1. Given the -39500 (n - 2.57) contribution per DSSP H run of 4+ residues, what per-residue ellipticity at 222 nm results for the chain, rounded to the nearest 500 deg cm²/dmol?
2. Count the lysine pairs in the range 282-340 whose Cα atoms sit under 28 Å apart, keeping only pairs 8 or more residues apart in sequence or on different chains.
3. Can you pull the percent of Cα pairs in the chain with separation above 36 Å?
4. For the ranges 179-185, 35-41, what's the packing order if you count other beta-carbon atoms within 10 Å of each residue, average per peptide, and put the highest first?
5. Tabulate in residue order the Karplus-calculated ³J(HN,Hα) for the range 52-59, using 6.51 cos²θ - 1.76 cosθ + 1.60 with θ = phi - 60°, rounded to whole Hz; enter x for Gly and Pro.
6. Among Tyr361, Tyr342, Tyr83, which one shows the highest mean-square fluctuation when the chain is modelled as a Gaussian network with alpha-carbon springs under 10 Å?
7. Can you list residues whose amide H is under 5 Å from Arg29's amide H, if they're 5+ apart or on another chain and H is modeled 1.01 Å from N?
8. Restricting to Cα pairs below 8 Å that are 6+ residues apart, what does the relative contact order work out to for the chain? Please round to a whole percent.
Amino acid sequence: MCGILVYQDKGNNFYIQKRGQDFTNKIHRHGFTFVHNLLHITGEFTPQPYEDNGIVCLYNGEIYNHKFKRSDGENLIPLYKKYGSDFPKYLDGEWAIALYDFNKKLAIFATDLFATKPIWRKGLECASYQSGVGGDKIPANTIEVVYFRQKGGLLNFDGKEESRKIYEWDLNQHKDTYDDWIKAFEKAVRKRAINGCFIGLSSGYDSGAIACELLKQKVDFKAYIIKGREDTEVLKQRMRLISNYEYLDSPEDFREEPEWVNNNIEDFKYKVPQTLKNDSASLGLSKICKEAHKEGRKVYLSGQGGDEIIGDYALKPHQSTYKGSFPHKLTLWENFYGGYQYSYLGKEEYVAGSHSIETRYPFLDRDVVQEFLWLTSELKNRYYKAPIHEYLKRNNFPNSFNRKTGLSVKL
C-alpha cells in the first residue's frame, strides 16, 4: 500500500503520507506535481512515479498476476501500451492507478473491483484521500478516462471523459457444490499471505477461515485477539492452535485510540448511519495495526467482504437486502458495492493506512466472489455464510456458528 497525490496548484499530503512512510518522492511534469508515498513490501525498493516517454504512472496496492524484476507496478505502463485504456482489465489484485499520457493528452484513473484502494478525482487531479484535492471517490470496478486540452501553454480538463466497468459479474447460479469456492478461497489467501503478516482474530467465521488457511499453508503470522463480546471458549480453542498471538482484554489497552483516530485519520464519511470516529471497531483495528507496526509487520489480512458478500448481514435484517434468503433470480444487492461495504472498507483503509499498514482482502478476491455468485441459491441459503461454514466444518476448525461477532471495543 502507498499514498498517491497529483495536483496542479495545491494538494494536501498530510493524511496520505501516513499510508507510505518508507519514502516520499515528488516530481513536476507538464504543470502537474506527482507525489508518491511508498510503503515498501513487494520486490525491490522502487520509488514512483513510473515514467516512459511522456507517460507518468502512480500506483498503490498489489498486483498478483504479472511477473516482475523489481516491482509489480513496473508492468503498468507496458500493459497500457499493449491494451490502451482497458489495461486495468488485465490486473488481478488490490490497487488504485493514475496514469497520464501527455502525448495523447489523456489520463486514466482506475480502482479494483471493490475499490479496496481508494482514489478520489477532481478533474485531472487525484489523491488517495479526499483531503488531497477534493472531488469524488472513483466507484468500485471502474475505469475513468479523462481528456486534456491545451490553453495558454497549460493542460486543463476539457470536460470530456469516459467511464467503463472492469469486470462483468456472471449471476447465473448453477454450481451445486462448494468445492470450487473453497479452492478459490485457498488460492486467494495464498496470493496475499506473506511471512510476518497479521490478522485480527475473533471467534467468528471470516477471521477464523483466514486463520485456518494460514495454518494449513504454514504461513508465519500473528493473531491479535480482542476479548470484546466474543465467545471465549471458541477463542481458547483457537489460541491452542495458533503459536503467535496477543490477547487484548483490558480497557487500558485502548485508551490512546480515540485520540489517535481523531488526530491522524481523515474523517471518512460512511454511507450508513455511522461514522468512522464513532465506530468502535475502528478503535480495535487501530490498536491492532499500531502494535503490528511496532513489530515491523506491514501486511494485514482482513475478513472484509465476508459479511457484505457471503452473508449480506443476514443476522442483522435492518442491514440486509436478502435477509438470509438469496433469490433464484439474483441481482447485485446494496452491500455488494455500497452501504456497509463502502463504509467498512473505508474504515479498513483509513485506519490501517494511518499506521502505514497494507490491508489485503481474500474474501473480495474476484474468483472467490464469482464462485459464490455461481452457487445455487439453495447452497447459498443452506447455512449462514454457507461456503465459509462448509470450509470450517471440513477443516474441523472451532467456530461460533450462527453468530455475528467482530473486533469491536467497548471502553
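1. Dividing the helical sum by the residues of the chain leaves -8000 deg cm²/dmol.
2. Final tally of qualifying lysine pairs is 4.
3. Of all Cα-Cα pairs in the chain, 23 percent lie more than 36 Å apart.
4. Descending mean neighbour count gives 35-41, 179-185.
5. Coupling constants for the range 52-59: 7, 6, x, 10, 10, 9, 10, 8 Hz.
6. Sorting by GNM fluctuation, first place goes to Tyr83.
7. Phe34
8. Contact order relative to length: 17 percent.
Only the coordinates and a few stated rules stand behind these numbers; no lab work does. Predicted model, so just to flag it, every value in this text is computed and none were measured. Glycine also receives a Cβ, built like all others from the backbone with ideal geometry; neighbour counts cover every protein chain displayed.
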